[in-house]
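Note sheet for the following structure.
The values are calculated or read from the model by the stated rules, or taken from the named source; none is laboratory data. All values reported here derive from a predicted model rather than from experimental measurement. In this analysis, Cβ positions are derived from the backbone assuming ideal geometry, glycine residues included, and neighbour counts consider all displayed protein chains.
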Amino acid sequence: MELAQPLALLLLPLPLLARLWPARAATAQAMALPQGVAALAVPAPGPRRWRGLALVAGVWLGLCLALAQPQRIQMVPDRSASGRNIVIALDMSGSMATPDFALEGQTVTRLDAVKQVAEGFIRARTGDRIGLVLFADRAYVAAPLSHDLRAVALALADAQIGLTGRSTNISDGLGLAIRRVLAESSRSNVIVLLSDGRDTSALLDATQVARLAAERGVRIHTVALGPEDLESRPAARDAVDLATLRAIAGAAGGQTFRVRSMDDLRAMAEELDRLEPNPSERPPVAQARALWIWPAIMALVLALARGMGARE
């Protein structure tokens, strides 16, 4: 505990100093008081007198302590808003159901692996606004930008393959993510695009979309999922278009992460925390809890007790 106004304690000896100050000779006529009021000015005999003085001293002590503003300082996490918008754009094509990731000794699908790591990433971003866009044949907003990280994590957990088709329309998903991230004003706009396939859009060039995003101040990080890519296995059915994802990130000032395993996914999340500093890792801030009310209550109670004793 500490005092916000410790100099207020200098008032403690004031009544004693006033008592010791030489009295001036009276120059005015005495005022006649009713008998009951005059009796209060007469010092009570014996123990009652000392009890009354103790109560008055307690009242003064409580008032001085209240003026000194005692407070308890606690270090708490800095949960102020970071001013950053992050939209996660997640590929929900049929290939995301491929069971080629290992989690705790069991084989899981690519989507389940992403959910496992992305949920922890989302819940740890206290202070950021997070949104979720899912895309396949079409794109839709699964969770709008929000500080309610639990709601975004639940939307991710409920995501199912097949709701919007089974292809990989990266351009559509990226375009919707850009519109959503720019819909809310912020100091920093970031998109994390996760995909395991090749762009099937015939209308838009995803790289050109990324350049337009960069002109609006949006940074895009891309994540290439799966063991195969078109550069090394052009005939592979579920190969990821690594070249396109690299071009998207390069055009929008971001990084590309190549993910083939759970370890790669976890390393990607850690690197994203480094590139986009996690608000929950900021130094704690001091929070003061005011305690002046307690000495003030003490002074009030003692004053009431003094008043009741004076009437006896």
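In the condition set (1) in contact (Cβ under 8 Å) with a residue 40 or more places away in the chain; (2) buried (at least 20 other Cβ atoms within 10 Å of the Cβ), Gln116 is compliant with all but (2).
Based on this model, can you work out whether Ser146 counts as under 26 Å from Thr244 (Cβ atoms) and polar (S, T, N, Q)? Considered against the rule, which asks whether it is under 26 Å from Thr244 (Cβ atoms) and polar (S, T, N, Q), Ser146 comes out as no. If you go through region 181-220 and keep only what is without any contact (Cβ under 8 Å) to a residue 40 or more places away in the chain and small (Gly, Ala, Ser), you end up with Ala183, Ser185, Ser201, Ala202, Ala213, Ala214, Gly217.
Would it be correct to say that Leu163 is touching a residue at least 24 places away in the same chain (Cβ under 8 Å) and surrounded by fewer than 22 Cβ atoms within 10 Å (Cβ to Cβ)?
Numbers: touching a residue at least 24 places away in the same chain (Cβ under 8 Å): yes; surrounded by fewer than 22 Cβ atoms within 10 Å (Cβ to Cβ): yes.
In short, yes.
Comparison of Ala68, Ala143, Ala124 shows that the only residue that is in the same structural domain as Val223 (by TED's automatic domain parsing) and touching a strand residue (DSSP E or B) at 6+ places or on another chain (Cβ under 6 Å) is Ala143. Restricted to helices (runs of 4 or more DSSP H) entirely inside region 203-312, those with at least 3 residues that are modelled with pLDDT of 90 or more and assigned by TED's automatic domain parsing to the domain that holds Arg179 are 206-215, 242-251, 262-275.
I want to confirm something. Restricting to region 127-182 and keeping residues that are assigned to a helix (DSSP H, G or I) and of a type in the set (Val, Ile, Thr), which single residue is farthest from Thr207 (Cα to Cα)?
Taking region 127-182 and keeping what is assigned to a helix (DSSP H, G or I), we get 149-158, 170-182.
From what's left, of a type in the set (Val, Ile, Thr): 152, 170, 178, 181.
Details: Val152: 27, Ile170: 10, Ile178: 13, Val181: 18 Å.
This residue is Val152.
Conditions (1) modelled with pLDDT of 85 or more; (2) in a helix (DSSP H, G or I); (3) in contact with an Asp or Glu (Cβ under 9 Å, 6 or more places away or on another chain), marked per residue:
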| site | (1), (2), (3) |
| --- | --- |
| Pro15 | no, yes, no |
| Thr27 | no, no, no |
| Pro43 | no, no, no |
| Trp50 | no, yes, no |
| Gly58 | yes, yes, no |
| Gln74 | no, no, no |
| Ala81 | no, no, yes |
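With the checklist (1) exposed (fewer than 15 other Cβ atoms within 10 Å of the Cβ); (2) modelled with pLDDT of 85 or more in hand, flag the one item Leu182 doesn't pass. Every condition holds for Leu182 apart from (1).
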